[in-house]
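Visitor: Structure below; questions to follow.
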Amino acid sequence: MEQHKPTQVVLVSSPGLGHLIPAIELAKRFVVHHNFKVTILAVTSQTSGRETHLINSILTPSLCHVINIPSPDMTGLVDQNDAVVTRLCVTMRQAKHAIKSIISKITPRPSALIVDIFATEAIAIARELNVLTYVFVASHAWFLSLLLYSPFLHHKIQGQYVDQKEALKIPGCSPVRPEDVCDPMLDRSDTQYAEYLGLSNGIQQSDGVLVNTWEELQFKTLEALREGGLLSQALNMKIPVYAVGPLVREPELETSSVTDSVVCWLDEQPTESVVYVSFGSGGTMSYEQMNELAWGLELSGRRFVWVVRAPIEGAADAAFFTTGNKCNQVDEVVKYLPEGFVSRNKKVGLLVPEWAQQVTILKHRSVGGFVSHCGWGSTLESLTNGVPMIAWPLYAEQRMNATMLAEELGLAVRPKVLPTKKVVQREEIARMVREVVQGDDENAKTNRVRERMKEVQRSAIKASSEGGSSYVALSHVAKTIVGADGPN
Ligand code: UDP
């Protein structure tokens with residue numbers, strides 16, 4: 001019988017675990033469900049060993065092959081004061097030459113190029129090769145809508161978005177409150193704002209967009225983006241949008257001694273009695289906020305696992321390019337916590353310095369709540385494991401995510417003040433933790449957020465299963481790629 005060679009696709013991902021992790025999951029879907037061969041060109045940050053570790057842990061390198069492109073030399077192009085989006089865009093621009101050189105050597109020629117939103121300049125490479133290109137949005141459809149509509153808002157609105165009195169209207173979608181706009185829209189005079197507007201134009205040059213959400217979760221927004229939808233019409237959009245999520249990881253097979261001790265401890269705790277506290281790969285908070293959070297956890301009287309990172313004044317995304325290189329020992333972080341915190345809480349709490357195997361923890365039956373920065377990857381991991389959230393947005397598009405989770409979807413509680421503006425006080429932290437996680441002394445009571453979370457968990461599983469909306473959407477993309485390539 002004639003043997004068909006697997007269809008070859010190249011996927012380009014930009015620095016940051018929040019980009020690399022979903023890119024790998026997307027690649028796996030193409031490999032496992034559609035028998036594709038995927039080469040991921042992963043541009044990694046110079047300092048984060050976690051990205052390299054993740055790349056080395058890929059189990060099927062023959063079908064899902066990752067080429068690490070270390071971040072190019074950025075001397076003189078950006079400095080530490082430049083915002084994350086500026087640094088990402090400049091990095092990807094500088095890496096374009098390396099990306100092109102690698103793609104041109106891949107044989108047989110790839111049938112499609114898939115790029116993340118920071119890598120849209122690579123679309124030109126695909127055009128030269130005359131192959132299809134898709135943009136992969138690791139975040140959700142409401143964020144995509146705001147991004148696509150931003151060049152219009154740029155002309156419609158005068159002054160800073162955060163100073164507007166009314167919410168920003170996006171046709172067919174929920175309006176975005178001025179205080180919720182994503183980071184690059186905070187200051188129109190910052191370089192990252194111009195970069196951000198450029199991303200929106202870049203996406204429209206592609207043949208389609210894959211977004212990490214699913215129909216049942218964001219039906220209204222996806223409807224607006226579809227051909228004939230209100231937003232699609234306003235944008236005069238010519239490309240389809242496919243909801244292919246949730247793309248989330250399974251627990252890592254290779255554990256560590258830290259993970260083993262966390263799991264051992266969780267095994268001994270009652271079901272859904274522990275709150276997990278973590279702010280993603282890049283989140284940091286001020287010393288004052290960290291102190292208040294520690295007191296809040298203690299006051300709540302609930303059990304906790306807290307991934308602690310050294311406090312930093314100023315940027316909430318300070319660890320984005322450096323994750324994994326600071327405090328690796330509990331002793332190092334303890335000095336930032338209230339005096340006596342560790343000894344008073346040693347029976348009810350665990351501190352994990354810097355980094356934890358998050359999916360393993362969220363999957364554990366003892367975990368009943370997640371204090372999260374609402375990065376979309378963490379959010380999807382919480383949703384797919386049915387863990388109610390305490391939304392604590394810090395940077396990027398996380399304020400939008402928190403609003404959507406708490407107010408539209410009913411999957412989270414959130415502080416009354418924005419953690420980015422004011423310090424959230426210990427009493428409020430304790431109240432939110434108690435609202436989500438039940439105490440040993442309480443009788444079982446109906447928890448609306450938990451019930452709603454279980455419904456969404458079921459709909460996420462259904463969307464990704466064979467015949468589900470996201471499975472069908474990705475199959476459609478796969479068929480288009482195979483069709484455009486012609487017979488082998
Ligand atoms: N993550 C993890 N352990 C940590 C912190 C983060 O495994 O201690 C993983 C998390 O599971 C998620 C990713 O890193 O898959 C972070 O992505 P997300 O979109 O939540 O946020 P970002 O880090 O991009 O802000």
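The values are calculated or read from the model by the stated rules, or taken from the named source; none is laboratory data. Note that the coordinates shown come from a computational prediction; the quantities given were computed from them, not determined experimentally. Every residue, glycine among them, receives a Cβ derived from its backbone with ideal geometry; neighbour counts consider all protein chains shown.
Visitor: I'd like the residue in region 383-423 that is surrounded by fewer than 19 Cβ atoms within 10 Å (Cβ to Cβ) and among the charged types (D, E, K, R) and, out of all such residues, is farthest from the ligand (Cβ to nearest atom).
Guide: The selected residue is Lys416.
Visitor: Just need a number here: residues in region 363-379 that are near the ligand (Cβ under 8 Å from one of its atoms) and either hydroxyl-bearing (Ser, Thr, Tyr) or closer than 19 Å to Arg458 by Cα (or both).
Guide: The qualifying residues number 5.
Visitor: Now, a different point. Give me the pairs, please: first residue somewhere in region 296-308 and among the acidic types (Asp, Glu), second residue anywhere and outside any helix (DSSP H, G or I), beta-carbon distance under 7 Å, and either six or more positions apart or on two chains.
Guide: Filtered contacts from region 296-308: Glu298/Asn345.
Visitor: Of Ala122, Ala98, which residue is among the small types (Gly, Ala, Ser), crowded, with 23+ Cβ neighbours inside 10 Å and under 19 Å from Gly16 (Cβ atoms)?
Guide: Within the list Ala122, Ala98, the selection yields Ala122.
Visitor: Have a look at Val352, Val275, Val359 and point out the one that is among the β-branched types (Val, Ile, Thr) and more than 10 Å from the ligand (Cβ to nearest atom). Break it down into steps so the answer makes sense when it comes.
Guide: Details: Val352 fails: more than 10 Å from the ligand (Cβ to nearest atom); Val359 fails: more than 10 Å from the ligand (Cβ to nearest atom).
Checking each option against the conditions leaves just Val275.
Visitor: Something else now. If only one of Ala167, Ala119, Ala126, Ala138 is in the same structural domain as Gly18 (by TED's automatic domain parsing), within 23 Å of Gln94 (Cα to Cα) and touching a Lys or Arg at 6+ places or on another chain (Cβ under 9 Å), which one is it? So that I can check it myself, show each step before the final result.
Guide: Details: Ala167 fails: within 23 Å of Gln94 (Cα to Cα); Ala126 fails: touching a Lys or Arg at 6+ places or on another chain (Cβ under 9 Å); Ala138 fails: touching a Lys or Arg at 6+ places or on another chain (Cβ under 9 Å).
After ruling out the rest, the residue left standing is Ala119.
Visitor: If you check Gly280, Gly340, Gly245, Gly228, which single one turns out to be at positive phi and within 16 Å of the ligand (Cβ to nearest atom)?
Guide: From the options Gly280, Gly340, Gly245, Gly228, the qualifying one is Gly280.
Visitor: What do you reckon, is Ser366 at pLDDT 95 or above, of a type in the set (Gly, Ala, Ser) and more than 30 Å from Ser150 (Cβ to Cβ)?
Guide: Criteria met by Ser366.
Visitor: Based on this model, can you work out whether Glu407 counts as within 19 Å of the chain's Cα centre (by Cα) and not assigned by TED's automatic domain parsing to the domain that holds Thr86?
Guide: Spelling it out, it is not the case that Glu407 is within 19 Å of the chain's Cα centre (by Cα) and not assigned by TED's automatic domain parsing to the domain that holds Thr86.
Visitor: So, one more: If Ser382 meets every condition in (1) within 28 Å of Ala23 (Cβ to Cβ); (2) modelled with pLDDT under 95; (3) not in a loop (DSSP other than H, G, I, E, B); (4) not basic (Lys, Arg) apart from one, which number is that one?
Guide: With (1) within 28 Å of Ala23 (Cβ to Cβ); (2) modelled with pLDDT under 95; (3) not in a loop (DSSP other than H, G, I, E, B); (4) not basic (Lys, Arg) applied to Ser382, the lone miss is (2).
Table: residues versus (1) outside the structural domain of Ala430 (by TED's automatic domain parsing); (2) closer than 24 Å to Arg414 by Cβ; (3) part of a strand (DSSP E or B); (4) not polar (S, T, N, Q).
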position	(1), (2), (3), (4)
Glu179	yes, yes, no, yes
Ser200	yes, no, no, no
Ser206	yes, no, no, no
Glu223	yes, no, no, yes
Ala234	yes, no, no, yes
Ile239	yes, no, no, yes
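Visitor: Sticking with this one: As an exercise: evaluate Ser257 against (1) more than 14 Å from Val371 (Cα to Cα); (2) within 16 Å of the ligand (Cβ to nearest atom); (3) at pLDDT 90 or above and give the number of the one condition it does not meet.
Guide: (3)
Visitor: Residue under question is Leu293, and the condition is that it be outside any strand (DSSP E or B), touching a strand residue (DSSP E or B) at 6+ places or on another chain (Cβ under 9 Å), more than 13 Å from the ligand (Cβ to nearest atom) and under 25 Å from Thr403 (Cβ atoms); does it hold?
Guide: Criteria met by Leu293.
Visitor: Please determine whether any residue of region 182-198 is more than 19 Å from Asn401 (Cβ to Cβ), in contact with a strand residue (DSSP E or B) (Cβ under 9 Å, 6 or more places away or on another chain) and not acidic (Asp, Glu).
Guide: no
Visitor: Residue under question is Glu397, and the condition is that it be among the acidic types (Asp, Glu) and closer than 27 Å to Val263 by Cα; does it hold?
Guide: no
Visitor: In addition: Would you please name the residue that is nearest to Arg309 (Cα to Cα), looking only at residues in region 341-370 that are among the β-branched types (Val, Ile, Thr) and surrounded by fewer than 24 Cβ atoms within 10 Å (Cβ to Cβ)?
Guide: Val352
Visitor: Could I ask something else about it? Would it be correct to say that Leu247 is modelled with pLDDT of 95 or more, assigned to a loop (DSSP other than H, G, I, E, B) and either hydroxyl-bearing (Ser, Thr, Tyr) or within 25 Å of Arg458 (Cα to Cα) (or both)?
Guide: Judged against the criteria, Leu247 is a match.
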